[in-house]
Every structure is written in C-alpha cells, then in structure tokens.
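J.: Once you've had a glance at the structure underneath, I'll fire off some questions.
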Amino acid sequence: MITGIDLGTTYSAIAQFDTHGRPVIMTDSQEENLVPSCVAYFDDQWWVGREAIRQWIAGPTNAAARFKRFMGTSERFNIGGDTFTPTQLSAHVLRHMHQIALNHQGEVGTTVVTIPANFSVEARQETINAAKHAGLKMDYIINEPTAAALYYAFSGDLVGDGKYAVYDFGGGTFDISLIELNSSQVDVITSNGVSRLGGMDFDKILQKIVRQKYEEATQSTLDEHELEETPFDLVSIEELKRSLSRRETVTQFAKGTVLEITRQEFEEAISGLVMQAEVCCGATLKEAKISSSELSGVILAGGSTRVPCIRKSIQDVFKDVPLIESANVDEVVALGAVLYAAIRADSNEFNAAQSATIAPLQLTEVTNMNFGTIVLDYDEIDLPFLNNSIIIRKGTPIPCSQQQTYYTRYDGQDEVDCSITECAREETEMNEFIKIISDESKLKLPKLPKGEFWPAHEEIIVTFSYDENQIMHCSFLHENSGHSQEVDLDFNQVTDDTKDYKISGSTSQEME
C-alpha cells in the first residue's frame, strides 16, 4: 500500500512497494510509465496527462504545463479564464497519480513525494500543501537526487562502498548531490542545483532553431499562434530533441518545407546552459573538499542525461569517473521515493520479503541551505551594520535543532525582530545573495514597573529546528520573562502581489 511519486516538471511517475519487497513503477490506463505533468479543463471536467497535453498543444487557454518550476513564487496560470497557483495545479497531478495507485492496489497508504534538492523552503512547503490538497497520506518528502541514490543503493549496481555524485538533470531543474555509501547506508554530504535549468530550456532553444530555419527557408515570419502548431509546438520539439540524441542529423517537415537540424548546431546553442551545470558541479566538489578522483561513480537521473553533450560534459567535469545508469533514468527517482516511504513506514505491517528489503537500507539527509537571523553588529570602530548570523549551517544532518543566544541592544527595549534568512553560501554582511524568508514577526518584551530600569543585554535565545521534510520551525525566547515568539511558515495565504506566503506567528502569552 506504500507509494512514491516523482512529481516532475514535464513528466511524473509513481512506484509501489510490491509484496516481493521490490520498488515497481505503476502504469497508467494506457500502460505508460510516465504521465505528462499537464493539467487542462474542458468538457466540464479536469484532465491530467496525455489528454491534457493534447489540449495544451492545441492552445494553452484551457491548459497549463511545466508549472512545478514556479512552486514557491507568485506565478499564476490562466485556465478557462480563471487563475491557478502552481500548488493547485500540482495537486491535480498528484491526485491523478494517486488514482493510478488506487487502480492498481485498491487502497493507498503512506506516500512520499519528491522535490528538487535546490527547492526553497517556500517551494518545499507548497509541495506538501499540494499533496494535502490531493488527499494523499504524506508525512515525508525527499530530495530527488537522494531518492535516486537510495534506489541505486538498493539495486546493488553500484561498484561498492565509497563516495558518489548523483547527477540529476530533469525537465525543469538540475541537481547535483554528493553521497557516501557504506553497505546500504546512504549519507548525503552536500547538494546544490540550478532551479531553472532543465530539458524544457533545451526545448525552447531547439524551437528557436527550427523557427529560424523555417523563416529563412520560406522568407516568412511565424506568429506566436503558429508556434503552438506541429511541428513547432514544444511536444514536437521534445521528440526532435530525442531524435537528435540518437542521430547526428534529423529532417523535419514543416508546412511542406524540409528542414535539416544537426546535433552539432543544437549542442552549440545549448552550450551556455550546459556550462551552468558544469560550474555547479565544480562548486559542489569544492564545497565538499572532494576531488573527482575520490568518486567511485556518477549516478545518472533525469531524462536530460540522455543528451550526448551532457554525457560528455559529465565526463569532462568528473574526469572519466564511471557513469552509472542501471535503470531507466526517468524512473529511478520514483523508485527511490517508494523505498524511502517503506523505510519510514511501520515495518510491522510488512511481510518477510518486504522486511528483508528494508532492513539494511538507511539514509541520512542534510540541510540544503544556510539558515539564520538578522542581527546588529559593530565593526572595529564601533559603527553598526546588519549581519546575517547563521544558526543552521548547510550540510547539517537532519532532523536537527540548533540554538544561539543573542542580546537586546539598549535599556527599555520592548521588542525584537524575529527575522529568518536563507542563503546558499555562508554570507555574513547583508547582500543580494541572502533571502529573507520571514521578517513580519516580532517578540514583544514585557513592560516594567514604574521606576525600574530595563537592564541592557538581556538574553534572547533563538532555536531553529529543521524536520525530515526540511521545513523550518523557529523559536525566539526571552528567558527571564518566559515570553516567546514561535514562527512557522504558512504559504497558503497570499498577502499581496509580491509575496505568496504569510508568516503565522503565535506568542506564549498575551502581551499588554
């Protein structure tokens, strides 16, 4: 009854943990392993998958696709005159995947949904919200490259214990994780990624190439509506991209015009995007203080790893470290997700075969960002400046809870700003690389009786906790009075056009 869902940008997949203790992909009603992550509304009902993608090709006014990339943002999609959030659309996809499982099993228990390793706190929370809206029983999420690593650890196809890179290049995002395998224990060392880098970006560049060739050949100009028609639509372009992965030259017929597209010109056009992935890989190795020669292999996940120049790029970056892809690269994330669901489930409900599979598997995940709070500091000549004080450092094993003590600034101070920051690098002085994910909550300090003076430098104890789903829970405590401010993140409430989340704060006692 346990399932794992790879909620992908372009395609999604779902796996079950069968009675033989194996992770197995479940097919949809058309016996397909992958479901297009597309949502449409027509004939007075919602459609997900291939029927929706046909509607999207015909015209996007009643359909939306590739919305996962915008989780955690204020982006909205128009369908039939109404606007929908990426969370709402993702919930439709997850509900459809849930129905696939019901068709196979008749009943569904625990489900794990995957997310990119570089997802922000907002995007992670919105994925959880989407699963709840879809009616899933979901207690955990897992990073996509970590899920892939877990599946390969189970499969026995790795060359042995040691350090591995997990190279996950999907339809919408790129992730790179470094892991250490010890028997069936998977320990994540660090993860990085590029949130807007994936196969869909390759498709848009290839679409531009085809358009330019057609316009040059016909001395005409295509309008935006014609770009939604075959062979210029993105679904046709995706098929062309796959053909270029198998052949050096592909002939495309467009409105009676023969177009010839070569792999070389396509790879030259996407070279800048490929370079982004290379830079991210190099920075990740440097961050972990690991050289490519220390790696036992590079685990591949995501359909974009089939592109030949991506393969060459991987070998260039990792110095010919062996590439490992013993299963379908589009499916390994879902297969790993269901294994993680099994690890987290009640083993008393398993049969002997299922228990034997899960018993040796263990996983330790780490934080993907640095989290801190804004404080006032002073330089060497006592001039004040704002500082980002990191409380939980990137790469800390989770779940975790870290605590630091700060102090009030002056006599009579009656409140403290309870800010929460997020950054990929260990930044200190405030700059554009530091994202403030909460700045609306304040800790109110109690009023004192008349005639007394508030002592300076009262202690404020700040505790940040990071759970298995990599969601932040924060506490700001004035220990002398017992007053505290608890900050949790509620991203379901939209406050204005620029923020798609609202901070919900609660105090330990009523303040005057």
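The values are calculated or read from the model by the stated rules, or taken from the named source; none is laboratory data. What you are looking at is a predicted structure, and each value in this text was computed from that prediction instead of being measured. Cβ atoms come from the backbone with ideal geometry, glycine included; neighbour counts cover every protein chain shown. Heavy atoms of the whole protein, side chains included, go into the accessibility calculation; ligands, DNA and RNA do not. Shrake-Rupley method; radii C 1.70, N 1.55, O 1.52, S 1.80 Å.
J.: Is it the case, given these coordinates, that GLU226 is touching a Phe, Trp or Tyr at 6+ places or on another chain (Cβ under 9 Å), open to solvent by 10 Å² or more (accessible area, probe 1.4 Å), among the charged types (D, E, K, R) and not assigned by TED's automatic domain parsing to the domain that holds VAL333? Don't jump to the end; show me each part of the working.
T.: Values: touching a Phe, Trp or Tyr at 6+ places or on another chain (Cβ under 9 Å): yes; open to solvent by 10 Å² or more (accessible area, probe 1.4 Å): yes; among the charged types (D, E, K, R): yes; not assigned by TED's automatic domain parsing to the domain that holds VAL333: yes.
Yes.
J.: Identify all residues within the stretch 75-116 that are open to solvent by less than 50 Å² (accessible area, probe 1.4 Å) and polar (S, T, N, Q); write none if there are none. Step through it out loud before you land on a result.
T.: Quick first cut of the stretch 75-116, residues open to solvent by less than 50 Å² (accessible area, probe 1.4 Å) only: 77, 79, 84-87, 89-94, 97-98, 100-101, 105, 108-116.
Once the filter is applied, which keeps residues that are open to solvent by less than 50 Å² (accessible area, probe 1.4 Å) and polar (S, T, N, Q), the stretch 75-116 yields THR85, THR87, SER90, GLN105, THR110, THR111, THR114.
J.: Looking at the stretch 71-82, is at least one residue in contact with a strand residue (DSSP E or B) (Cβ under 9 Å, 6 or more places away or on another chain) and part of a helix (DSSP H, G or I)?
T.: Residues of the stretch 71-82 in contact with a strand residue (DSSP E or B) (Cβ under 9 Å, 6 or more places away or on another chain): 71, 76-80, 82.
Then keep just the ones that are part of a helix (DSSP H, G or I); that gives none.
Taking every residue of the stretch 71-82 in turn, none turns out to be in contact with a strand residue (DSSP E or B) (Cβ under 9 Å, 6 or more places away or on another chain) and part of a helix (DSSP H, G or I).
J.: All but one of (1) within 22 Å of VAL321 (Cβ to Cβ); (2) over 19 Å from the mean Cα position of the chain (by Cα); (3) open to solvent by 40 Å² or more (accessible area, probe 1.4 Å) hold for ILE189; which doesn't?
T.: Unmet condition: (2).
J.: Cβ-Cβ distance below 6 Å, separation of 6 or more or different chains: which pairs start in the stretch 92-105 with a residue that is within 17 Å of VAL338 (Cβ to Cβ) and end on one that is part of a helix (DSSP H, G or I) and open to solvent by less than 40 Å² (accessible area, probe 1.4 Å)?
T.: LEU94/ALA130; LEU94/ALA131
J.: Just checking, how many residues over the stretch 119-143 are open to solvent by less than 10 Å² (accessible area, probe 1.4 Å) and either among the β-branched types (Val, Ile, Thr) or part of a strand (DSSP E or B) (or both)?
T.: Total satisfying the criteria: 5.
J.: I'd like the full set of residues that are within 10 Å of ILE460 (Cα to Cα) and in a loop (DSSP other than H, G, I, E, B), limited to the stretch 474-489.
T.: Of everything in the stretch 474-489, those that are within 10 Å of ILE460 (Cα to Cα) and in a loop (DSSP other than H, G, I, E, B) turn out to be GLU479, ASN480.
J.: Could you give me the residue pairs with C-beta distances under 6 Å whose first residue belongs to the stretch 126-148 and is over 25 Å from GLY303 (Cα atoms), whose second residue is among the small types (Gly, Ala, Ser) wherever it lies, and which are 6+ apart or on separate chains?
T.: Pairs found: HIS133/ALA91; ALA134/ALA91; MET138/ALA131.
J.: Can you report the number of residues in the stretch 173-213 which are over 22 Å from ALA283 (Cβ atoms), hydroxyl-bearing (Ser, Thr, Tyr) and modelled with pLDDT of 95 or more?
T.: Counting residues in the stretch 173-213 that are over 22 Å from ALA283 (Cβ atoms), hydroxyl-bearing (Ser, Thr, Tyr) and modelled with pLDDT of 95 or more gives 0.
J.: Next question, about the same structure. Consider the stretch 24-39. How many of its residues are over 23 Å from ALA63 (Cα atoms), crowded, with 19+ Cβ neighbours inside 10 Å and in contact with an Asp or Glu (Cβ under 7 Å, 6 or more places away or on another chain)?
T.: Counting residues in the stretch 24-39 that are over 23 Å from ALA63 (Cα atoms), crowded, with 19+ Cβ neighbours inside 10 Å and in contact with an Asp or Glu (Cβ under 7 Å, 6 or more places away or on another chain) gives 1.
J.: Sticking with this structure for a sec: Note down all Cβ pairs under 8 Å where the first residue falls in the stretch 406-426 and is closer than 29 Å to ILE176 by Cα and surrounded by fewer than 17 Cβ atoms within 10 Å (Cβ to Cβ), the second is modelled with pLDDT of 90 or more and among the aromatic types (Phe, Trp, Tyr), and they're at least six residues apart or on different chains.
T.: Matching pairs, first to second residue: none at all.
J.: When both residues are 6+ apart or on different chains and their Cβ atoms are under 8 Å apart, which pairs have a first residue that lies in the stretch 314-325 and is more than 15 Å from LEU178 (Cβ to Cβ), and a second that is open to solvent by less than 70 Å² (accessible area, probe 1.4 Å) and β-branched (Val, Ile, Thr)?
T.: If the second residue must be open to solvent by less than 70 Å² (accessible area, probe 1.4 Å) and β-branched (Val, Ile, Thr), the pairs left are GLN315/VAL321; PRO322/VAL298; LEU323/VAL298; LEU323/ILE314; GLU325/ILE299; GLU325/THR305.
J.: Could you tell me which residue of the stretch 309-357 is surrounded by the most Cβ atoms within 10 Å (Cβ to Cβ), considering only residues that are at pLDDT 95 or above and basic (Lys, Arg)?
T.: ARG311
J.: Take VAL274 and tell me if it is assigned by TED's automatic domain parsing to the domain that holds SER220 and without any contact (Cβ under 8 Å) to a residue 12 or more places away in the chain. Please lay out each step first, then the result.
T.: Working: assigned by TED's automatic domain parsing to the domain that holds SER220: yes; without any contact (Cβ under 8 Å) to a residue 12 or more places away in the chain: no.
The answer is no for VAL274.
J.: Could you list, in sequence order, all residues of the stretch 260-281 that are open to solvent by less than 50 Å² (accessible area, probe 1.4 Å) and farther than 30 Å from THR218 by Cβ?
T.: Those that are open to solvent by less than 50 Å² (accessible area, probe 1.4 Å) and farther than 30 Å from THR218 by Cβ: VAL274, ALA277, GLU278, CYS280, CYS281.
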